[in-house]
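Peer 1: Okay, handing you the structure first.
Taken together, the values in this text are just the output of simple stated rules run on the coordinates, not laboratory data. This one's a predicted model, so the numbers in the text were calculated from it and none came from an experiment. So basically every Cβ, Gly included, is an ideal-geometry build from the backbone, and we count neighbours across all protein chains shown.
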Amino acid sequence: MFVVFLRFAGNKGQASQFMQAHNEWIKRGIDDGIFVLVGSVLPNAGGAIIAYDTTFADLEDRIKRDPFVQNGVVNAELIEIKPNKTDERLSFLLPG
């Protein structure tokens with residue numbers, strides 16, 4: 001599983017210009033079953049995504065296609081987590 005931080009960058013002021021395309025990109029990630037949670041980083045610092053059932057390389061490629069990333073609205077930080085224990089409600093995140 002992965003956590004992606006999308007932290008506002010130099011072109012933050014252009015976010016509204018790319019918001020529709022960014023939201024479509026998020027929807028594709030959810031529809032593809034890769035993004036299991038998407039939300040805002042508070043206060044007004046950007047966004048975060050929890051991704052699952054993908055590889056680091058594939059997720060990195062997907063992130064590069066985010067219009068916010070492509071246009072310098074955010075910088076992406078990708079962190080891989082190997083779950084060892086979870087609450088029962090998140091057991092789907094455990095390997096095999």
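Peer 1: Looking at the structure I just gave you, is Arg28 among the basic types (Lys, Arg) and free of Cβ contacts under 8 Å to residues at least 24 places away in the same chain?
Peer 2: yes
Peer 1: Within segment 42-61, work out how many residues are buried (at least 19 other Cβ atoms within 10 Å of the Cβ) and under 23 Å from Leu94 (Cβ atoms).
Peer 2: Of the residues in segment 42-61, 3 are buried (at least 19 other Cβ atoms within 10 Å of the Cβ) and under 23 Å from Leu94 (Cβ atoms).
Peer 1: Those residues that are within 24 Å of Ser16 (Cα to Cα) and of a type in the set (Phe, Trp, Tyr), I need them from segment 47-96; list them, please.
Peer 2: Phe68
Peer 1: What number of residues within segment 18-60 satisfy the criterion of being part of a helix (DSSP H, G or I) and among the β-branched types (Val, Ile, Thr)?
Peer 2: Applying the first criterion (part of a helix (DSSP H, G or I)) to segment 18-60 yields 18-31, 56-60.
Those left that are additionally among the β-branched types (Val, Ile, Thr): 26, 30.
Of the residues in segment 18-60, 2 are part of a helix (DSSP H, G or I) and among the β-branched types (Val, Ile, Thr).
Peer 1: Mind checking which residues of segment 18-68 are of a type in the set (D, E, K, R) and in contact with a Ser or Thr (Cβ under 9 Å, 6 or more places away or on another chain)?
Peer 2: Asp32, Arg62
Peer 1: So, one more: Looking at this structure, is Gly39 small (Gly, Ala, Ser) and surrounded by fewer than 14 Cβ atoms within 10 Å (Cβ to Cβ)?
Peer 2: Answer is yes for this residue.
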